[in-house]
Structure formats: structure tokens, C-alpha cells
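See structure below.
The values are calculated or read from the model by the stated rules, or taken from the named source; none is laboratory data. Everything quoted here is computed from the prediction, not taken from an experiment. Note that we place each Cβ from the backbone using ideal geometry, even for glycine, and neighbour counts take in every protein chain shown. Remember, those area values only see protein heavy atoms, side chains included, never the ligands or the DNA or RNA. Shrake-Rupley method; radii C 1.70, N 1.55, O 1.52, S 1.80 Å.
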Amino acid sequence: VPEPELPPTADQPDNLGSLEANLESRRVKLGRIHERGIDPYPARFERNCTATEAITRFVAAETANRLGSADPVVLAGRITSMRVMGRAAFLDLRDASGTVQAMLRQNVLGDDYSLLPDLDIGDFLGVSGNMMRTRTGQPTVEATTITILAKGMRPLPEKWHGLRDVETRYRQRYLDLIANPEIADTFVQRSRVISGIRRFLDDRGFVEVDTPILVPIPAGAHARPFITHHNALDMQLYLRIATELYLKRLIVGGLDKVYEIGRVFRNEGIDQDHNPEFTLLESYEAYADYNNVMEMVESLVSTLAIDLHGSPRVPYGEGFIDFTPPWQRLSLPEEIHRRCGVDIDQYPDAESLIGKAAEMGLDPAPREARGRLIDKMLSVYVEPHLVQPSFLIDYPEDMSPLAKGRPDKPGYVERFEAFAAGMEIANAYTELNDPGVQRARFAEQEHLRAAYGDDEADRTDEDFLTALEYGMPPTGGLGIGIDRLVMLLTGQATIRDVLLFPQMRALSSDADDDHDSR
């Protein structure tokens, strides 16, 4: 068997001078593989262990002095490194569990060893053989067979072992996961968070349900919707902006504890904690109020923190966030007054508050709703100071059209928002269940839309009002943005780092679509 040419290394992906030459080289190699009668994309490959399992079992057998009876391993992975030394070669194979070294010898593999020049960094390879230690002490598979599982037709990007270009990382997440395998840990933890939420609510007797994504009325939140059209029905529909009104219909129907984890869509801007589609948990519990929901949120989030970190104290930035209950309760009007000196009760209408907001440099619109102005003050002056977990309570009715009014404080509702790291993570209230009051609240929202041009004001849902007229018991409702919660629990500073495929601006038409150029 002729000695193979030196294949590319991790530091010199193909060393052919250009992307086109590299692509052509891989096409030639693919052709040679086909000429040998080998399928470079087989339908299946049966493994008996992962890379990490192979090493773990070998070390255990070595410790117990049972190497002679150890079974051969059959494993597979992406080639991340190739080192050829004449009639032997060492390859690093990486799967989801980790990396294992494989040793290929010409005198063991025979003619299959001549496949080596047609392999590249990035190809998938299956190997079988016994585990051993090299002279340097590294656990290694001594391959007796090799199987090409997928020929990579594009080279990994330059410096693939440390891809840092943010634009490429988000647009081509598959390259990010290849180049920075530790990134996968964040998404594994995200999965654990969602599983933990389901387990927590299921153990409390909640029933998980599914509600429509395509809806005729985009109601239940202050947001602009995405619009679509159903051809067969010839009707305009919207992507849901919340699941609230459908879940409350189920409370009316007699399901006392319901929740849904699903995507919602809001036609809004993109920043470090906003993405136009995001994952939302909403839950509703009959015969509960917002105080009960506060206690549930504290318990849920601290439980998730302990599951991930073994403690309710979670590393974040240069410090810690301590989710140990109870969290502090703060009054929204008092915090606004404390942080910027404005007593919102002294400004009972939009016109008077617009003037004050202008004095403060908040750049209000000539006609802007009072609730939106208060929300601006909250965002600018209060939120940045809510680093440790906090419940903000005492929300004005102007900001909360679906929440039940406080009988002891006219003009305010039984609502809270939860904050941590200066970011809202939950919104909840005792649900408004008086159909007459709810109709009036919807009418006020429609007035804001017409008089103030507030295209994020809530919309009237007549079927929901009809459902309320059949009677809904006292109910506590909750919404938690799962993406932001995962940010906090995994120490990520931007929402894009907890979304596998975040929304991105379109590339210009003349942009180079090859990752090597970015």
C-alpha cells in the first residue's frame, strides 16, 4: 500500500490558498471515494458507546486489571484533528459527549488506510477497535475498521477551534457549536430549565395544554402583532402575542390549573433582552390570587437554580444573584418617587404627565398614554437598580387592563412584575373576572389606540368576553419569559446567547455568503 500524502491539520484546514480550490479538492476526494464503491453518506452506523463512555470504561477496566476481557468499542465523531506519521495516523474524533483519539495503522487497516488522503478536518468517521494507551499515556482507540459516515464538502472556518465572529456565530449556529463546543452546555441547561418547570407545575397538579398560534384577534398583551393570511379560509390571521385569553377560557370551562410553554410573537425591536419570537410560560390557577402566585414564582425559580447550580445563589457577571425566598416586595409608585422624585399620583392624566416626562428628558410623544409614560419611568429609573430578585407591586390600572382592581386602593390593580439583574422576568396578577369591567377596560384600550395612536394597546376579544359572562372563578395568572430566565440561570448577558437561532437582519444582496469571508 503506498504511503499516503500528508492530510490537512487543524491549524492548516487545507492549505490550498483559496476557498474555491478547497471546495474543488473536496469534490475530487468525494469522487475518488465513490470510485472505490464506498457510500460516503451511509444511512446508519451502529455505535456501542460514546467517546466519553469509551474512555470511562477503559479507565475502569484498567483500574480493575480487566483489559484483556474488555469488549471492542464502536464509536463515531467528527474529525477535529489529523496527525500522520508515515504508516500510522492519529485522529481526534468528537461527538456530543467529548473527544477521543483514534490510532490508524497501515498494517492493521490494510487497503482502507489509503482512504486517509481523502479525509478532511470536519468529516464524520466511524471506527471500531480496542482501547489502549499511547506512549504519552493518552487513552486511544486502536482502529481495526474505519467507516466514512459523512464527507464534509466545506472547510471549517479559519481558526475554527475558537470562532469569535459574533455575526457568524448567530447566523450559522452550527459553526458556533462546532468551533465552541462549550456553547452547547448553555442549551443543555436551557432544556433542563424547561423540563424543571414542567416537573414543578405537574407536581402541583397543573395540566399542560396547547392553544392556537394563529388567532383572529391578537389580544392579551401590549404588542404589535405579525399578520398573515389563511388562503383556504380567505381570512386575515395573526401570530399570537400571548396565550392568556385562551388559557382563561379553560379556567371558565372548569380546568382549575393550566399552563402552556410555547412560542409567542411580537413585532418589536431586537436588543439584548428582546427577540421578536420568544418562549413564554403562562399558568393560571383558579381560587388563587397574585400573592399565591408570588410565592409560587419564588419557589419555582429557586428550585431551578438549585437544580442547575446546587444552590439558589447563581453566578452572574462579577457577582451572584441570590434567588432564596422570600424576595423583596417593592411598591412601584414609591420606587419611581425614590429614584426620580416623581409622585405619579400627582399626575392623574396623560397630559399632565407628558409635561413632566418632557422635563425629565424622556422624549414623550405629543400624545402618549399615561401608562406608557409610567412604564418609561420604570424602565429608565427603577429597573436598573433591581439587581437582586424583587417583586414590584402596586401597578396603576392604566398599565394593566386585564388585572383585578385593588379594593383598598382605587386606580391600582393586584399585579406584580418580577425583576432580577435589572431585567423583567415575570408578570402576574389576580385576573379580572368581572365581564362588565373587562369590557370597559377593553374599550379604554381601543380609545388609546384611536386617540393616542398607541398601536400596542390591547384589543377587544368578544369571544373572551362571552366566556367571562359564563363566570370565571377568582384566578391567579402568571407569565414568565423563559429566555430571560435562562439568561439569568446560565450567566448570559444577551438573549441571543440562549436562542439557538435568534432573529437576525437580512444580509445585503451582494454580501458574500461564505463563512470564511466574515
List every residue pair whose Cβ atoms sit under 9 Å apart, with the two residues 6 or more apart in sequence or on different chains, where the first one lies in segment 332-357 and is within 16 Å of Pro384 (Cβ to Cβ) and the second, anywhere, is open to solvent by 60 Å² or more (accessible area, probe 1.4 Å) and among the β-branched types (Val, Ile, Thr).
Arg339/Val380; Cys340/Val380
Within segment 316-339, of all residues that are of a type in the set (Asp, Glu) and part of a helix (DSSP H, G or I), the one most open to solvent (accessible area, probe 1.4 Å) is Glu334
Of (1) among the charged types (D, E, K, R); (2) part of a helix (DSSP H, G or I); (3) at pLDDT 95 or above; (4) open to solvent by 80 Å² or more (accessible area, probe 1.4 Å), Arg26 satisfies all except one. Which?
(4)
Are any of the residues in segment 119-129 outside any loop (DSSP other than H, G, I, E, B), over 33 Å from the mean Cα position of the chain (by Cα) and at positive phi?
yes
Asp458 is checked against (1) open to solvent by 10 Å² or more (accessible area, probe 1.4 Å); (2) closer than 24 Å to Ala365 by Cβ and fails just one. What number does that condition carry?
(1)
Phe187 fails exactly one of (1) over 27 Å from Glu285 (Cα atoms); (2) over 15 Å from the mean Cα position of the chain (by Cα); (3) at pLDDT 95 or above, namely (2)
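Conditions (1) at positive phi; (2) open to solvent by 50 Å² or more (accessible area, probe 1.4 Å); (3) part of a strand (DSSP E or B); (4) at pLDDT 95 or above, marked per residue:
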| site | (1), (2), (3), (4) |
| --- | --- |
| Glu268 | no, yes, no, no |
| Leu280 | no, no, yes, yes |
| Glu285 | no, no, yes, yes |
| Met296 | no, no, no, yes |
| Ser299 | no, no, no, yes |
| Ser302 | no, no, no, yes |
| Ile306 | no, yes, no, yes |
| Val314 | no, no, yes, yes |
Near pairs, Cβ below 7 angstrom, 6+ apart or cross-chain, from segment 117-142 (farther than 18 Å from Asp95 by Cα and among the acidic types (Asp, Glu)) to any residue that is modelled with pLDDT of 95 or more and open to solvent by 10 Å² or more (accessible area, probe 1.4 Å)
Asp118/Lys29; Asp118/Arg32
Could you please give the count of residues in segment 405-430 that are under 32 Å from the mean Cα position of the chain (by Cα) and either buried (at least 23 other Cβ atoms within 10 Å of the Cβ) or closer than 21 Å to Glu295 by Cβ (or both)?
15
Give the residues of segment 207-228 that are farther than 16 Å from Arg459 by Cβ and open to solvent by 90 Å² or more (accessible area, probe 1.4 Å), sorted by residue number.
Asp210
Lone qualifier among Val342, Val382 - being over 26 Å from Gly479 (Cα atoms), modelled with pLDDT of 95 or more and open to solvent by less than 30 Å² (accessible area, probe 1.4 Å):
Val342
